[in-house]
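The values are calculated or read from the model by the stated rules, or taken from the named source; none is laboratory data. None of the values given here were measured: they were computed from a predicted structure. Every residue, glycine among them, receives a Cβ derived from its backbone with ideal geometry; neighbour counts consider all protein chains shown.
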Amino acid sequence: MQTVTSKLFLFDFDGVLVDSLDVYHQAVAWCLERIGMPFVKTQEEYVALFEDNFYAALVAKGVDLDAFSRALGEYAGRVDYYRDVKPFAAVLPVLADLCRDHVLAIISSNSAQAIGKIMARFHYNGCFRDILGSEFHWSKKAKIEHLVAKYGLAPADTFYVGDTTGDIREGRAAGVRTVAVAWGWHTRDALAAAEPDFLIAAPEELRALAAA
């Protein structure tokens, strides 16, 4: 019997595991307007914030991140936006397969609290050892490095799975292998230009990376 070598799969959340673009575009636009910086109107303007680190992009535009976080908390208290987030159905069986032999975790710009609530609704939170959201650190690079050190797996056996060019850049900066998914927020052409190690069109392709 062939021995399976455990790998570390780190997943972005929004755009990779769940379909939430409309939901979070509306949330971020509301929060920015609330703090007097309404520079996100269209979905394209929102998605452009993820060409690199989302929070760094806000800071570059002069946003006070503490004020933004307070507005987001206010928005969450007023609107049950979780109800409109839907999982990508094809991802769920792949996660169930991967977590049998490999370590899975979530690294996201979203909050771990929000992610936990969404995952509990769809009953697939048991697959993940860790959820590192915005409360842990604003940098995905820092979060990736933390989990690589925690689990002691080689960078060659660590994959960061994301759907934006920012994900690819931060994964590469952390020294791990990057997997861009074509069903998320950024276009396939934009992702290809960011030069990920792998660019996949369907969740099933993750099984081949796990088996390699």
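Points to keep in mind about this one:
- Candidates in the stretch 17-47 are the residues that are in a loop (DSSP other than H, G, I, E, B) and among the β-branched types (Val, Ile, Thr); of these, the one that is farthest from residue 200 (Cα to Cα) is 35.
To keep it simple, each residue is scored yes or no on (1) of a type in the set (Phe, Trp, Tyr); (2) over 30 Å from residue 152 (Cα atoms); (3) in contact with a strand residue (DSSP E or B) (Cβ under 8 Å, 6 or more places away or on another chain).
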{"residue": "24", "(1), (2), (3)": "yes, yes, yes"}
{"residue": "35", "(1), (2), (3)": "no, yes, no"}
{"residue": "48", "(1), (2), (3)": "no, yes, no"}
{"residue": "55", "(1), (2), (3)": "yes, no, no"}
{"residue": "61", "(1), (2), (3)": "no, yes, no"}
{"residue": "80", "(1), (2), (3)": "no, yes, no"}
{"residue": "90", "(1), (2), (3)": "no, no, no"}
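- The residues in the stretch 106-140 that are closer than 27 Å to residue 59 by Cα and part of a helix (DSSP H, G or I) can be counted, and the count is 6.
- Meets criteria (touching a residue at least 12 places away in the same chain (Cβ under 8 Å), part of a helix (DSSP H, G or I), basic (Lys, Arg) and crowded, with 22+ Cβ neighbours inside 10 Å) for residue 143: yes
- Counting the residues of the stretch 48-103 that are assigned to a loop (DSSP other than H, G, I, E, B) and either of a type in the set (Asp, Glu) or touching a residue at least 40 places away in the same chain (Cβ under 8 Å) (or both) gives 11.
- Residue satisfying condition, being touching an Asp or Glu at 6+ places or on another chain (Cβ under 9 Å) and among the hydrophobic types (A, V, I, L, M, F, W, C), within set 63, 47, 59, 40: 40
- Failed item, numbered, when residue 117 is tested on (1) under 21 Å from residue 22 (Cβ atoms); (2) at pLDDT 95 or above: (2)
- Sole residue being within 29 Å of residue 151 (Cβ to Cβ) and surrounded by fewer than 19 Cβ atoms within 10 Å (Cβ to Cβ), chosen from 22, 14, 64, 52: 52
- Residues being surrounded by fewer than 22 Cβ atoms within 10 Å (Cβ to Cβ), out of contact with any helix residue (DSSP H, G or I) (no Cβ under 6 Å at 6 or more places or on another chain) and of a type in the set (Gly, Ala, Ser) - total across the stretch 151-183: 3
- Residue 200 at negative phi and surrounded by 19 or more Cβ atoms within 10 Å (Cβ to Cβ): no
- Here residue 64 fits the description: more than 30 Å from residue 199 (Cβ to Cβ) and acidic (Asp, Glu).
- Check on residue 156, closer than 17 Å to residue 103 by Cα and either touching a Lys or Arg at 6+ places or on another chain (Cβ under 6 Å) or not in a loop (DSSP other than H, G, I, E, B) (or both): yes
- Residue 92 being surrounded by 14 or more Cβ atoms within 10 Å (Cβ to Cβ) and assigned by TED's automatic domain parsing to the domain that holds residue 105: yes
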